[in-house]
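Enquirer: Supplied in C-alpha cells, the structure appears directly below.
The values are calculated or read from the model by the stated rules, or taken from the named source; none is laboratory data. Owing to the predicted nature of the structure, the values given are computational and were not obtained by experimental measurement. Neighbour counts run over all protein chains shown; Cβ positions are idealised from the backbone, glycine included.
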C-alpha cells in the first residue's frame, strides 16, 4: 500500500480505504488506486478483515422459479438489485428456488454453506418456505411483497393505491362494467390490487364481481375465463396477463381498445402485451432495490437493529393506447 501511495502521491490510509471499498475517498481516486494496484500486481486479501468482522460481504438473493415465466419483469428487478448492491462493499449471489424445493421446504444452498451475511427474498413464496428462511439467524428483507411472517423488513409497491387510480381512470373514461383479472390468493400484491379496484368501484356506486382467476393454487397460469359480453374494461394484475387477455379477445374477434379497454401493471413493452401499448402503473424499481439493500446492510452491520417494518413505494401511471370510451355508456 505504501508503494501505491508513493506512486500516486496520496496517503496510505486513502489506499487502504479505496481497496477495502470503504468511504472516505472519491470515486475518481478509488478508480485510480485500483488501476494502479492492478498495474503493480497488488492483490487485496479481504479474508483477515472478514474474519475479524465476522462477515463475508455477500448478500443472498432468493427468487422463485414460478416468477421466471412472467415475461422479463423479475429478471429486470434482479438486474436493478445487482446495480444497488454494486454501490456497496457487498456482492450479490442469486439462487433460483424450484417449485418442488419451495413446496418441500428444501433449505437453499446459499444458507447451508453459511457464506452470506443476509438474504433478500425477491417475490412472494409459500408461507411455510418463508417461515423457514426468516426463522433462521440471517437478516432478511422481503422485496416486492410484504408478509407478517417473521420480523423482517418489507419493501413493496403501493399496489392498492395504484389499482385504485387505474380503476378511477377507466371510470372517468366512461366505463361502468369493469372486471378484475388476477388470483387474489396468489400474492399480497394481487390481493391489494383487487382491493384498490373494489374501493374505486364502491366510491363510484358501481357493482363489481369477484376477481377472475388467472392461475392455480401452485401459481401456474390457467386459461382465463373471459366474459366480454359482461364487461367493457378489465383491470389486469400485470401487463403479462394483459397480453394474454388481448390475445384471447382477438381470438374471439374483439379489438383493444375499440371493443374492450385494458389496464395493467409494470409498464412492460409491446412484445409482452400482444403489440398494444398498455396503460399501466410503473413502480420505482431502482428505488425499491436501493431501499431493500440499505435496510439489509444496516441490519447486518448493527448489533441492536430495530426492524423498520413495511415500506410502500408509490408508482406512476403511464397512459398508452389501450383505453377508450365504451361503445355505449
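Enquirer: Between 284, 267, which is more than 28 Å from residue 138 (Cα to Cα) and touching a strand residue (DSSP E or B) at 6+ places or on another chain (Cβ under 6 Å)? Reasoning before the result, please.
Expert: On the way: 284 fails: more than 28 Å from residue 138 (Cα to Cα).
The unique qualifying residue is 267.
Enquirer: (1) modelled with pLDDT of 95 or more; (2) surrounded by fewer than 19 Cβ atoms within 10 Å (Cβ to Cβ); (3) touching a strand residue (DSSP E or B) at 6+ places or on another chain (Cβ under 9 Å): which one isn't true of residue 168, the others all being true?
Expert: That leaves (3) as the condition not met.
Enquirer: Within region 220-240, identify whether any single residue is within 12 Å of residue 179 (Cα to Cα), surrounded by fewer than 19 Cβ atoms within 10 Å (Cβ to Cβ) and out of contact with any strand residue (DSSP E or B) (no Cβ under 8 Å at 6 or more places or on another chain), and answer yes or no.
Expert: Yes: region 220-240 contains one or more residues that are within 12 Å of residue 179 (Cα to Cα), surrounded by fewer than 19 Cβ atoms within 10 Å (Cβ to Cβ) and out of contact with any strand residue (DSSP E or B) (no Cβ under 8 Å at 6 or more places or on another chain).
Enquirer: Now a separate question. Would you say residue 195 is surrounded by fewer than 19 Cβ atoms within 10 Å (Cβ to Cβ), in contact with a helix residue (DSSP H, G or I) (Cβ under 7 Å, 6 or more places away or on another chain) and assigned to a helix (DSSP H, G or I)? Spell out the reasoning first.
Expert: Numbers: surrounded by fewer than 19 Cβ atoms within 10 Å (Cβ to Cβ): yes; in contact with a helix residue (DSSP H, G or I) (Cβ under 7 Å, 6 or more places away or on another chain): yes; assigned to a helix (DSSP H, G or I): yes.
Yes.
Enquirer: Filter region 89-109 for residues that are in a helix (DSSP H, G or I) and over 20 Å from the mean Cα position of the chain (by Cα); which is surrounded by the most Cβ atoms within 10 Å (Cβ to Cβ)?
Expert: Start the filter on region 89-109 by keeping residues that are in a helix (DSSP H, G or I), which leaves 99-104, 109.
Next, only the ones that are over 20 Å from the mean Cα position of the chain (by Cα) stay: 100-101, 103-104, 109.
Working: 100: 9, 101: 17, 103: 12, 104: 10, 109: 12.
By that ranking, first place goes to 101.
Enquirer: Is it fair to say residue 125 is within 22 Å of residue 285 (Cα to Cα) and either in contact with a strand residue (DSSP E or B) (Cβ under 9 Å, 6 or more places away or on another chain) or not assigned by TED's automatic domain parsing to the domain that holds residue 193 (or both)? Lay out the reasoning, then the answer.
Expert: Details: within 22 Å of residue 285 (Cα to Cα): yes; either in contact with a strand residue (DSSP E or B) (Cβ under 9 Å, 6 or more places away or on another chain) or not assigned by TED's automatic domain parsing to the domain that holds residue 193 (or both): yes.
Criteria met by residue 125.
Enquirer: Would you confirm whether or not region 314-328 contains a residue that is closer than 18 Å to residue 134 by Cα, outside any strand (DSSP E or B) and in contact with a strand residue (DSSP E or B) (Cβ under 8 Å, 6 or more places away or on another chain)?
Expert: Going residue by residue through region 314-328, those that are closer than 18 Å to residue 134 by Cα are none.
No.
Enquirer: Also: In region 124-163, what residues are buried (at least 22 other Cβ atoms within 10 Å of the Cβ), in contact with a helix residue (DSSP H, G or I) (Cβ under 6 Å, 6 or more places away or on another chain) and part of a helix (DSSP H, G or I)?
Expert: Those that are buried (at least 22 other Cβ atoms within 10 Å of the Cβ), in contact with a helix residue (DSSP H, G or I) (Cβ under 6 Å, 6 or more places away or on another chain) and part of a helix (DSSP H, G or I): 129, 159, 163.
Enquirer: Next question, about the same structure. Applying the selection to region 204-255, what residues are without any contact (Cβ under 8 Å) to a residue 24 or more places away in the chain and under 16 Å from residue 172 (Cα atoms)?
Expert: 205, 207
Enquirer: Within region 293-311, which residues are outside any helix (DSSP H, G or I) and touching a residue at least 12 places away in the same chain (Cβ under 8 Å)? Break it down into steps so the answer makes sense when it comes.
Expert: Here is the first cut: in region 293-311, the residues outside any helix (DSSP H, G or I) are 302-311.
The answer is 305, 307, 308, 309, 310, 311.
Enquirer: Let me ask something additional. Residue by residue through region 211-240, note down the ones that are within 19 Å of residue 260 (Cα to Cα) and either assigned by TED's automatic domain parsing to the domain that holds residue 73 or assigned to a strand (DSSP E or B) (or both).
Expert: As a first pass, look at region 211-240 and keep what is within 19 Å of residue 260 (Cα to Cα): 211-214, 223-240.
212, 233, 234, 235, 236 - these are the residues of region 211-240 that are within 19 Å of residue 260 (Cα to Cα) and either assigned by TED's automatic domain parsing to the domain that holds residue 73 or assigned to a strand (DSSP E or B) (or both).
Enquirer: When you look at residue 208, is it in a loop (DSSP other than H, G, I, E, B) and assigned by TED's automatic domain parsing to the domain that holds residue 188, yes or no?
Expert: Details: in a loop (DSSP other than H, G, I, E, B): yes; assigned by TED's automatic domain parsing to the domain that holds residue 188: yes.
Yes.
Enquirer: Working only within region 96-125, note down all residues that are free of Cβ contacts under 8 Å to residues at least 40 places away in the same chain and closer than 13 Å to residue 67 by Cβ.
Expert: 96, 97, 98, 102
Enquirer: Across region 287-307, what is the total count of residues that are in contact with a strand residue (DSSP E or B) (Cβ under 7 Å, 6 or more places away or on another chain) and surrounded by fewer than 16 Cβ atoms within 10 Å (Cβ to Cβ)?
Expert: Total meeting the criteria: 2.
Enquirer: Can you find a residue in region 249-258 that is surrounded by fewer than 22 Cβ atoms within 10 Å (Cβ to Cβ), out of contact with any strand residue (DSSP E or B) (no Cβ under 9 Å at 6 or more places or on another chain) and not in a loop (DSSP other than H, G, I, E, B)?
Expert: Taking every residue of region 249-258 in turn, at least one turns out to be surrounded by fewer than 22 Cβ atoms within 10 Å (Cβ to Cβ), out of contact with any strand residue (DSSP E or B) (no Cβ under 9 Å at 6 or more places or on another chain) and not in a loop (DSSP other than H, G, I, E, B).
Enquirer: Please work out if residue 59 is buried (at least 16 other Cβ atoms within 10 Å of the Cβ), over 23 Å from residue 189 (Cα atoms) and either in the same structural domain as residue 18 (by TED's automatic domain parsing) or touching a helix residue (DSSP H, G or I) at 6+ places or on another chain (Cβ under 7 Å) (or both). It would help to see each step written out before you state the result.
Expert: Details: buried (at least 16 other Cβ atoms within 10 Å of the Cβ): yes; over 23 Å from residue 189 (Cα atoms): yes; either in the same structural domain as residue 18 (by TED's automatic domain parsing) or touching a helix residue (DSSP H, G or I) at 6+ places or on another chain (Cβ under 7 Å) (or both): yes.
Criteria met by residue 59.
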